[in-house]
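Structure, as structure tokens:
Bear in mind these aren't lab numbers, they're just calculated from the coordinates by the rules spelled out. Predicted, not measured: the structure shown is a model, and the values here were computed from it. Neighbour counts run over all protein chains shown; Cβ positions are idealised from the backbone, glycine included.
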């Protein structure tokens, strides 16, 4: 968003005799002084919906103070490794909604899902065949073997693949107070000339999202369980292709149908196999090791842009607005 030009006091419309009936209109008028059409539109709709919400539920001062205290606490508990605001967005279903709006997928392309609060930017950059986790005798080893193609079926070489997962007990490295600068359970790799990606992980297990903060208090208030089904995260990027943030979920997890962050999609549920002698020899893992196979399909930037434009035009039609406003009101790039 661009910065709006400062407004002189003489240009500001007079605000007086404000009531519950006219406050929304007055706030919108004041915000409309911003020269950026997109910013102006976002704040117009934000204020309108926020005020309508307060009116609809007859929000009290005490209740709103509780909300302010809640958001303050979410900010205060957050740091470089604790992303409570992302967790809040996830558990309210907003993260998945925004991803679906920003990254619509054409038919055949792999679906996206939530980033989650445990991604970091310090994963080791390494080669195919990397082992994500340090030695853990209680862990069940998993060979992850994936292909990456375009929607036209072309194998994609050089796709940057950021992967991360919890350990055999369901904990991510950022939850370890002794982690320091030693990331574990994560890596950044690239697909090879055949569009292949492979590494060794551990079989994902279900785990509770952090419950020691305000989001945990919210879930308890709503009588919701905190347990995510086991999964492995993937973030795939290549020039000319829309970034894919997704995850794969082994079938049969007890929390498969009640994920507290709404991340599970049927197309992302996979059946684990076992490594046979041929695969064991090729990838240097023991026979019988659990095996995850998956074929990722990336959509091009142009394919996604076309879908975003179509979806935005549909919204304009629903709001009975002129399509000429598309470029000013909505971001489709």
Checklist entry - Once the Cα gyration tensor of region 246-318 is found, what semi-axes does its equivalent ellipsoid get, as square roots of 5 times the eigenvalues, in whole Å, sorted largest first? => result 37, 19, 7
Checklist entry - Calculated from the structure, log10 I(q)/I(0) by the Debye sum over Cα atoms at q = 0.07 Å⁻¹ equals which of (i) -0.42; (ii) -0.38; (iii) -0.26? => result (ii)
Checklist outcome for this item: Stretched fully, the stretch from residue 136 through residue 36 gains (0.36 nm per residue minus C-alpha distance, one decimal, in nm) 30.6 nm
Item to check | Cα convex hull of region 90-193 - mean projected area over all directions, nm² | outcome: 8.4 nm²
Item to check | Cα-based shape type of region 196-326, given that a ≥ b ≥ c are square roots of the gyration tensor eigenvalues and the cut on a/c is 1.5 | outcome: oblate
Item to check | FRET efficiency, residue 58 to residue 169 (Cβ-Cβ, R0 41 Å, nearest 0.05) | outcome: 0.35
Checklist entry - Packing-wise, with mean Cβ within 10 Å as the measure, how do 149-161, 61-73 rank, highest first? => result 149-161, 61-73
Next on the checklist: Tell me the relative contact order for the chain as a rounded percent, counting alpha carbon contacts under 8 Å between residues six or more apart.
Outcome noted: 19 percent
Item to check | Potential extension, residue 97-residue 46 segment - 0.36 nm per residue separation minus Cα distance | outcome: 16.7 nm
Checklist entry - How high is the relative contact order of region 160-211, given as a whole-number percent (alpha carbon pairs under 8 Å, six or more residues apart)? => result 46 percent
Item to check | For the chain, calculated [θ]222 nm from helices alone, where every DSSP H run of n ≥ 4 adds -39500 (n - 2.57) | outcome: -9000 deg cm²/dmol
Checklist entry - Of the peptides 311-320, 297-306, 201-210, how do they stack up when ordered by the mean number of other Cβ atoms within 10 Å, highest first? => result 201-210, 297-306, 311-320
Next on the checklist: Students often check this: by mean Cβ neighbours within 10 Å, which of 52-60, 131-139, 77-85, 237-245 ranks highest, and how do the rest follow?
Outcome noted: 237-245, 77-85, 131-139, 52-60
Checklist entry - At residue 257 and residue 72, where each label point lies 7 Å from the Cα along Cα→Cβ, what is the point-to-point distance in nanometres? => result 4.3 nm
